[in-house]
Amino acid sequence: MLAPAGRDAAVLSDLFWVMLTGAVVLWLLMNGLMLYVTRINPEKMSRRRAEVLILGGGVIFPAVTLAALLVFSLSEMPQQRAIGEGLIVKVTGEKWWWRVEYWPDPDGSPIVSANEIRLPTGQRSEIELGANEVIHSFWIPVLGGKTDMIPGRKTRMSLEPTEVGNFRGQCTEFCGLSHALMAFGVVVESPEDFKAWLEREATDAVAPTDAQSRRGKEIFDGSGCGACHAVRGTDATGKVGPDLTHLGSRTTLAAGTLPMTVSALEDWLRDPERLKPGAKMPAYDHLSPADLTSLAVYLRGLE
Amino acid sequence: MNRNPTKFWRRWPDPIPHPKAEGVFPPTQAMLSEPVDPATAEAQAARLRKVWKLPTGAHYWTAVNNDQVGKWYTMTAFGFMLMAGLLALAIRVQLAVPDNDVLSADRFNQFFTMHGSAMMFLFAVPLFEAFSILLLPGLLGARDMPFPRLSAYGYWSFLIGGCFVLGSILFDVAPSSGWFMYPPLATEGEGIGPDIWLLGLSFIEVASIAAAVELIVGTIKCRPPGMRINLMPLYAWYVLVVGVMILFAFPPLIAGDFLFELQRSLDWPFFDPERGGDPLLWQHLFWIFGHPEVYIIFLPSIAIASMVVPTAARQPMVGYSWVVLSAVGTGFLSFGLWVHHMFTTGLPQLSLGFFSAASEAVVIPTGVQLFAFVATLMVGRVTMSLPILWIAGAFAVFTVGGLTGVMVALAPFDWQVHDTYFIVAHLHYTLFGGMVFPIIGGVYYFYPFFTKKMLSQRLGRWSFWTTFIGFNVAFMPMHIAGLMGMPRRIFTYPEASGWGLVNLISTFGAFIVAAGILIFAWDLIRPKSRQPLTERNPWRAGTLEWSHSVPDESWGVRSIPYITSRYPLWDQPDIVERMDSGRYYLADAREGLRETIITSAVDAIPQSVARVTGPAVCTLVAAFFTGGAFILPVFHLYWAAGVSGALAVAAVIWWLWTSTAQVPETPMKDVGLGLRLPTYVSGPDAPGWWAIFITMTGDATAFASLVFAMFYYWTANPDFPPQDAIHTNLFWIAAGAIFFILSWAATFGARLLNRRTLVKYARALLVAGPIAALCGAACLALAFWVSGMDPATHAYPALVAAIIVWTLAHVVLGGIMQLYCLAGSLKGKLTPQYDADLWNTTLFWHFLLATCIIAALVVGPLPRLL
C-alpha cells in the first residue's frame, strides 16, 4: 500500500506518511521528556509546570490534533466508498478461491471468470461482494482498502485504479485451513485494453488445435471435470468450482498460489491437497503422467 | 411467640432493628498513642498466628489465604503465558522464510488460535486478578479478601479450565478458528475444537467474573477505617474500574458462547444466514466484550505504574483525581469502541464515523494518565531503580502502540491495514507496553512484599534490555510487513511477495524476547533460601502494603490501622509501630475466628466485623464438578455433565451452609479503640449482599445481550420475525409471569415476616415460593411447547427458546435459594435476627423477577409487534 496504483491507496499512503512523521516527533518528545526527568535532570521541578504538562499534553494537544485528523479522514470516507461509474464486478468468496462476474451493463448478462480481477484505469469501478460458507475479505493493497465478504449479506466497495500493471490481492479475513493460499492476480489496464479483454473474455473457449490438447480435452470430458467446472462452448457446465473458459489467460493458478504453467497445472491436478490443504478439488493421481500432461496442456491452452 | 394467627395483621410487629456500630470513631490521638501491654500483645499475636495458620501437608492445597491463592494464581497464569509464548515461537519459525513447511496449515491455525486465546483468557486477565488478590488486602490493610473460598474456587476453576483448553493442543484437537471464533467458520468447524474453546473458556470467564466480584467487594467494603474513597491507593481505584469492566464486558461474550454452543450442539441457527440468523451478531457480541478486554488488560498496568512511580519519585502522585477520572472515563469509553474492530464489515458510514471519533477520544484519558506519571517524576526527585526502568520501557513501547492506534482508529486508514501485520505490530506494542513490561516492573517492585526477598538487580537489567531490544526487533518490522500487504493468520507466503526479510528479522527478534523472558523466569524461580530477607520497606514507599512484617506472618496486618492519608507510611508517624503493637483494630482473635473489618463504601466508617472463611476442601470439590459440567458436554456426555453440574451445586451448598452467614456467638464485639461492631449484618451492610448485587448486575448484562440479539435481528433482517412465524402461546406466558410475580412476592414477604419474628408465616411463604416458581417455569416451557415452534428451523424460534432456557435455569436457581432459606430457618441457621441469606435471596429474586418479566415480554407480545 506504500506503492499505490490507485486513487484511494495514494490518499491513504500520503496520510500515512504525514501521521508517521507526527508520530515519530511525538514519540521522541514524550520519551525524551521521560528520559530527561528520570536520568538527565532527576531533581525536583515545579508542581505547576507538571500540572500544565498533564493538561496540555494529555488533553489540549490531543484534542486539537485528533480533531484535525478526524475531519480529514472522515471526509475522505464517502469519496472512497463512492458508487462506481459503470462497470460492476461481483466477487464471491469461496473456500478458497474467488468467483468473479463482470457486469458492464447492470441489466445485461454477466461475463463469468474466476481468481483474477481486471480493472480499467481512469474510472471508479463498483465491486459487489458476497460469500458462500464462511467470511472472507477482499483486498488489493495497491488500490485501496478492504471490505469483508459475509455469507447472507451483500457488501460493496469501489476502486479507482490509476496505474497500469500486474498486482496481487489476497483474502484478509481468516477463512480456515487454506486462508493463506487465497490470493488473486490483479491486472489494471487502460480502458481500451480492458474493453478488448472483456470482449475476449465473453467469448466461448477456444477449441483444442493440436493432438495433445485434443487428448487433454477427452480426458477432461471423460474424468467428469465438467461436473464442477464450466468451460463455455463445451459440455462442461459445472458451477461448483472456478470457471475455466479462459483459464490459460490468467496470471496465476489455484487462486494466486501457483504460476500459470503446464508443470504447475500437472502438480495441481496430481495432488491439490498438498498444494492447498482442504481444497475440494479431488486428486487425479490415477491418470498416467502422459495423460496428466495432455490435460494440463489443454487447460493451459484455454486462453 | 404466642401470636394469634387470625389477627396477625392487627399485631404487625416492628422489624428487629439492624445492629449498628457503637462507641468511639474516629479514635482520638490520645487513644492512639496509648501504649499496649507487651504481654497482652504477645498473647494476641499467638492467637492470631494460630487462627491464620496455613494448613500443612496435603491439606496445604485446601488453603484459601489470599497470599497463597494469589501466589498459585499468578504462577499458573505465568506458566500459561510461557506455553502460549512457545506457540508464538513455533509460529515465528514457520513464518521465518517463505513457503516454509515446519508446521502444517492445520497445526499453524491451532497454534495461532491458542496463542491468542491463551494470552487473553489464561494470562492477561487472570494475571491481573491473581496479582490483585495477592496485593489488594495488603494495600487496604485488610486481613484477607472478603470471600477467600471464592478466590480459591476461582483459582481451581481457572487451573482446570486452562489445562483443559491448552492441553487440547497436545492431542491435535485444539480450536483452530482464531481467538475471535467468527461464525460460520467456527460454527461449521468439524471436531471438538470450537466446543473446547466455547465451553472451556466460558468456564474460565465464570471464574474471572467470580474474582471480579470479590475484588470489587474487597475494594468497596474492606478498606481500613478512615480510608475514604478519595484516599484509596490508585491501584485500588483501578481494581474497582477494571472489576466493573469485567462485570459488564464478559457477560455479552458468555451470552454469545451460550448461543454459539446451542447452535453447535442442537443446530439452533443463530448465526446461520440461511435460516434467519446473522454471523455479524457474534461479531458484535464478541467485540462488545473484546474491546473493553483491551482496557481490562491495559489499566492494571497503569495501576502498577501508579504505585511504582510515586515511590520512585518520593512524591505523592500528581493529579490523583485526574487520574481517577481518566481511569473511569477510559472504562466508560472502552464500551463504545467495539465497532472499530468491524470497520470493514460494510456498516453504514455514519456509525463508522461515530466509532472512529470515539476511538480517538480514548486517547485523551489515556494521555492524561501517562502524562500524570511524567509529571510526578518531574515534581519528585527520581531515584532510578529496576522497577522504574521497566516502567520507562513500558512507556516507550506503549507510546508506539498508542500512536499507531491513533492511525488505525481512522476508519479509511483501517480499511487498508485491518487484518494485516500492521495490526499485529500495533496490538503487540500496546499489550507488551501496556501489560508485559509494567507487570514485570510490578513483579520487581512487589517481589519483596510477596516473598521478603529481592530479585536480582543484575538479572533484572539483563532481562530488561534483552526483552526490550528483542521486542523491537521482532515487532517493528511487522509494521512494514503489514504495509507491504501481508495479511494476518496466514501459515505461509510466497517468495515473490517480498515479505521474507522482514519476517526473518521478526523471527530472530522473537527468540531474543524469549531469552529475555527466560532470564526473568529464572530470576523469579531460582532458589533464594540462602539470600537474606529484605528490610521491611525496601523502596521507602508510602502505601500500607509495606507495613507487613518481615519475616512474613499469614495474618497480613497485626492490627487494622486508622487511615488519614493517601500515603500513610509517609504521612502518619508511628503508624507501623502502632500496627505492630496491636494498637489499632482487631488486634486479637479471641474467638478463634478469621476476621476482617467491613467499612462503609464511601467514607470507610467501620460497620461490622466479617468472619471470613478458612481452609476448605469443598471449594476444590465444587470447582472440580463445575469443571465437569462445562467440560463433559464437549464430548457429548450430556447426562454425565448434568450429574456433574448437580454435584457442583451440592458442593456449593455444602460450602455456603458450613461457612457463610453463621450465627455468631455474640451479636457485638469489641474491636479495640473503644469501638464495638456487630459480628453479623444482613442486607446492604453485608459484603455478601454486595456480592449478589454485583454478580446479578453481570448476569443481567448477559441477559440483556440475549434481548439485544432479538432487537438486532429485527434491525438487521427486514423479515424478522418472519411473516408466517408461529409465536409462543400468550396464555401460558401470562400465567408464567403471574406465577413468577407470586414467587417473588413470597420471597420478599418471607423476608419481611421473618424479620418481624413471624417465622411460621415466613416458612409457609418459603414453601409456597418454590412451588410458584416451579409452576411458572412449567408455564413458560408450555408456552413454547404447545405453540409447536421448532428452534432448529429459524433464528426466531431458536432465540425464543434460548431466552426461555436461560430464564428457566435462573428460576431453578431461585427455587434452590428459597429452599436453602427454608432449610436454614428450620435448622436455626436463619433466624429473625440473623437473616442475611433471606436478604440475599430476596435480592436475587428482584433481579430474577425483572429477568422473568422482560423474558415474558420479549418472547410473548413483543415479536407480534415487531
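Between the range B:599-618 and the range A:123-170, the C-alpha centres lie 59 angstrom from each other. The tail of the calculated P(r) for the range B:745-827 beyond 15 Å holds 61 percent of all Cα-Cα pairs. Centroid-to-centroid, using Cα positions, the range B:413-485 and the range B:626-654 are 39 Å apart. Short-range pairs are left out: with C-alpha atoms under 8 Å and at least six residues apart, the relative contact order of the range B:443-559 is 37 percent.
Over the range B:296-409, the reciprocal of the mean inverse Cα-Cα separation, the Kirkwood hydrodynamic radius, stands at 15.2 Å.
Backbone amide hydrogens, once placed in the peptide plane, bring residue B:613 within less than 5 Å of B:149, excluding anything fewer than 5 places away on its chain. In chain B, helices alone account for a calculated mean residue ellipticity at 222 nm of -21000 deg cm²/dmol, with every DSSP H run of four or more residues adding -39,500 (n - 2.57).
Converting phi to 3J(HN,Hα) with the Karplus coefficients 6.51, -1.76 and 1.60 and the offset θ = phi - 60°, the range A:69-85 yields 4, 5, 4, 5, 6, 6, 6, 6, 4, x, 4, 6, 10, 4, 5, x, 9 Hz in sequence order, with x at every glycine or proline. Gyration tensor over the Cα atoms of the range B:266-320: the corresponding equivalent ellipsoid has semi-axes (square roots of 5 times the eigenvalues, largest first) of 46, 8, 5 Å. Computed from the C-alpha gyration tensor, the three semi-axes of the ellipsoid equivalent to the range A:39-186 are 45, 19, 14 Å, from longest to shortest.
Taking the Cα centre of chain B as reference, the dipole from Cβ charges on Lys and Arg (+1) and Asp and Glu (-1) amounts to some 2840 debye. Its residues counted as N, the protein assembly as shown yields a C-alpha radius of gyration over 2.2 N^0.38 Å of 1.02.
The Stokes-Einstein estimate for the range B:545-602, based on a Kirkwood radius over Cα pairs and taken at 37 °C with 0.692 mPa s viscosity, is a diffusion coefficient of 264 µm²/s. Inter-part distance, the range B:150-182 to the range B:246-313, computed on C-alpha centroids, equals 16 Å. Scoring B:312-319, A:123-130, B:212-219 by mean Cβ neighbours within 10 Å over their residues and listing the highest first yields B:212-219, B:312-319, A:123-130. Stretching residue A:207 away from residue A:271 to a fully extended chain increases their span by 20.4 nm, per 0.36 nm per residue minus the current alpha-carbon distance. Taking label points 7 Å from Cα along the Cα-to-Cβ direction, residue B:20 and residue A:82 give a separation of 7.3 nm.
Estimated at 0.36 nm per residue, the fully extended path between residue B:230 and residue B:100 surpasses their Cα-Cα distance by 41.1 nm. Stokes-Einstein diffusion for the range B:689-743 at 25 °C, viscosity 0.890 mPa s, with a Kirkwood radius from C-alpha pairs, works out to 174 µm²/s. Applying D = kT/(6 pi eta Rh) to the range B:718-866, where Rh is the Kirkwood radius over alpha-carbon pairs, T corresponds to 4 °C and eta to 1.567 mPa s, the Stokes-Einstein value obtained is 81 µm²/s. When the charge dipole of chain A is built from unit charges on Cβ atoms (+1 for Lys and Arg, -1 for Asp and Glu) and taken about the Cα centre, the candidate among A:164, A:196, A:207 whose Cα reaches farthest toward its positive end is A:164.
Over every Cα atom in the range B:413-522, the radius of gyration and the widest Cα-Cα span, Dmax, amount to 16.7, 56 Å. The residue among B:690, B:160, B:248 whose Cα reaches farthest toward the positive pole of the charge dipole of the protein assembly as shown, with charges on the beta-carbon of Lys, Arg, Asp and Glu, is B:690. Site pair residue B:328 and residue B:46 shows an inter-label distance of 4.9 nm when each label is modelled 7 Å from Cα along Cα→Cβ.
For the range B:487-591, the solvent-accessible area of protein heavy atoms averages 42 Å² per residue (probe radius 1.4 Å; ligands and nucleic acids excluded). Per-residue ellipticity at 222 nm from helix content only, as computed over chain A with -39500 (n - 2.57) for each DSSP H run of at least four residues, stands at -11500 deg cm²/dmol.
About its Cα centre, the protein assembly as shown has a charge dipole of approximately 4960 debye under the convention of +1 per Lys or Arg Cβ and -1 per Asp or Glu Cβ, with nothing else charged. Computing FRET efficiency as 1/(1 + (r/R0)^6) for residue A:67 and residue B:865, where r is the C-beta to C-beta distance and R0 is 60 Å, gives about 0.90.
Projecting label points 7 angstrom from Cα along Cα→Cβ for residue B:823 and residue B:853 puts them 3.1 nm apart. Output the Kirkwood hydrodynamic radius of the range B:84-166, Cα pairs only, in Å rounded to one decimal. Radius from the Kirkwood sum: 15.1 Å.
Counts of other chain beta carbons within 10 angstrom of each beta carbon in peptide A:74-81 average 5. Between residue B:697 and residue B:813, full extension at 0.36 nm per residue minus the direct alpha carbon distance yields a gain of 40.2 nm. Hydrodynamic radius of chain B by the Kirkwood approach over all distinct alpha-carbon pairs: 28.7 Å.
What does the charge count around residue B:33 come to, taking other residues whose C-beta lies under 13 Å from its C-beta (Lys +1, Arg +1, Asp -1, Glu -1)? Its environment carries a net charge of -1.
The packing ranking, built from the mean of other Cβ atoms within 10 Å per residue, places the peptides A:155-165, A:47-57, B:677-687, B:291-301 in the order B:291-301, B:677-687, A:155-165, A:47-57, highest first. Ordering B:531, B:550, B:563 by Cα displacement along the dipole of the range B:511-610 toward the positive end leaves B:531 in first place; charges were set at the Cβ atoms of Lys, Arg (+1) and Asp, Glu (-1).
Taking amide H atoms as placed 1.01 Å from N in the peptide plane, the amide H of residue A:206 lies under 5 Å from those of A:303, each 5 or more residues away in sequence or on another chain. Phi angles of the range B:782-788 translate, via the Karplus equation with coefficients 6.51, -1.76, 1.60 and θ = phi - 60°, into HN-Hα couplings of 4, 4, 7, 5, 5, 5, x Hz per residue; Gly and Pro are given as x.
Peptide packing for B:615-628, B:523-536, B:714-727 was compared via the average number of neighbouring C-beta atoms within 10 Å per residue; ordered from the highest value, the list is B:615-628, B:714-727, B:523-536. Out of every Cα-Cα pair that the range B:617-707 contains, those further apart than 15 angstrom amount to 74 percent.
Our Cα-only numbers for the range A:142-225 put the radius of gyration and Dmax at 18.2, 47 Å. Mean partner shielding of peptide A:40-52, defined as the number of other chain Cβ atoms within 10 Å of each residue Cβ, is 5. With Cα atoms as the point set, the radius of gyration and Dmax of the range A:176-303 evaluate to 14.6, 45 Å.
In this structure the amide hydrogen of residue A:238, modeled in the peptide plane, comes within under 5 Å of the amide hydrogens of A:228, A:229, A:230, A:231, none closer than 5 places in sequence on its chain. For the range A:241-246, putting each phi into the Karplus relation 6.51 cos²θ - 1.76 cosθ + 1.60 with θ = phi - 60° gives couplings of x, x, 5, 10, 3, 10 Hz, in residue order, rounded to whole numbers and with x for Gly and Pro. Be a star and scan the range A:275-303 for residues whose amide nitrogen sits under 15 Å from the point 7 Å along the Cα-to-Cβ vector of residue A:261. Only A:297, A:300 fall inside the zone, counting backbone N under 15 Å.
Expressed as a whole percent, the accessible area of the range B:416-461 that falls on carbon and sulfur atoms is 66 (1.4 Å probe).
Note on residue B:638 and residue B:767: with the Förster distance fixed at 35 Å, the Cβ-Cβ geometry gives a FRET efficiency of about 0.65. A Förster radius of 30 Å combined with the Cβ-Cβ distance from residue B:590 to residue B:550 puts the calculated FRET efficiency at roughly 0.70. If you add up the charges near residue B:519, with Lys and Arg at +1 and Asp and Glu at -1, over every other residue whose beta carbon is less than 13 angstrom from its beta carbon, what do you get? Value of the local net charge: +2. Peptide A:125-136 is shielded by partner chain Cβ atoms: per residue, an average of 2 of them sit within 10 Å of its Cβ. Both radii come from the Cα set of chain A: Rg as radius of gyration, Rh as Kirkwood radius; their ratio Rg/Rh reads 1.16.
The values are calculated or read from the model by the stated rules, or taken from the named source; none is laboratory data. Small disclaimer: the values here were computed from a predicted structure and weren't measured. In this analysis, Cβ positions are derived from the backbone assuming ideal geometry, glycine residues included, and neighbour counts consider all displayed protein chains. Note: accessible area is taken over every heavy atom of the protein model, side chains too, but ligands, DNA and RNA are not part of it. Shrake-Rupley method; radii C 1.70, N 1.55, O 1.52, S 1.80 Å.
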